[in-house]
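See below for the structure under consideration.
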Amino acid sequence: MIVRILGEGQWELDDEHLSALNRLDDEVETAVEQGDEVAFSNSLNALLEGVRTTGRRLPDDTLHDSDLILPPADSSIDEVRHLLEGEGLIPG
């Protein structure tokens, strides 16, 4: 699976990491629903760090179709609220 973090690049992740990332995505979604800025910031950073640490960074000079696109770490809660329409940042 290819995951893009906007403004940073792409990472290739094995499917076995998807369930852990989904749990982090649920935390982001809950924080957004509750309007909890601190929990939102912490959970978004944990999600992005999860991608960075479990994935293999792809070279910037290659471009692959992304299976998932995640917002940058400095996204506001309102920006992410619009992205969460539907199944969250990570479908499933």
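The values are calculated or read from the model by the stated rules, or taken from the named source; none is laboratory data. No experiment lies behind these values; they were computed from the predicted model shown. Because the Cβ atoms are built from the backbone with ideal geometry, glycine has one as well, and the counts that use them run over all protein chains shown. Keep in mind that these areas ignore ligands, DNA and RNA; they rest on the heavy atoms of the full protein, side chains included. Shrake-Rupley method; radii C 1.70, N 1.55, O 1.52, S 1.80 Å.
Got a number for residues in segment 25-50 being within 13 Å of the chain's Cα centre (by Cα), open to solvent by 40 Å² or more (accessible area, probe 1.4 Å) and either at pLDDT below 95 or under 17 Å from Glu79 (Cα atoms) (or both)?
Number of matching residues: 6.
List the pairs whose first member sits in segment 51-63 and is under 13 Å from Asp15 (Cα atoms), whose second member is assigned to a strand (DSSP E or B) and among the β-branched types (Val, Ile, Thr), and whose Cβ atoms are under 7 Å apart, counting only residues at least 6 apart or on separate chains?
Val51/Val3; Val51/Ile5; Gly55/Val3
Checking the condition in a helix (DSSP H, G or I), in contact (Cβ under 8 Å) with a residue 40 or more places away in the chain and farther than 14 Å from Leu6 by Cβ, which residue from Asn45, Asn22 passes?
On the way: Asn45 fails: in contact (Cβ under 8 Å) with a residue 40 or more places away in the chain.
Of Asn45, Asn22, the one residue that is in a helix (DSSP H, G or I), in contact (Cβ under 8 Å) with a residue 40 or more places away in the chain and farther than 14 Å from Leu6 by Cβ is Asn22.
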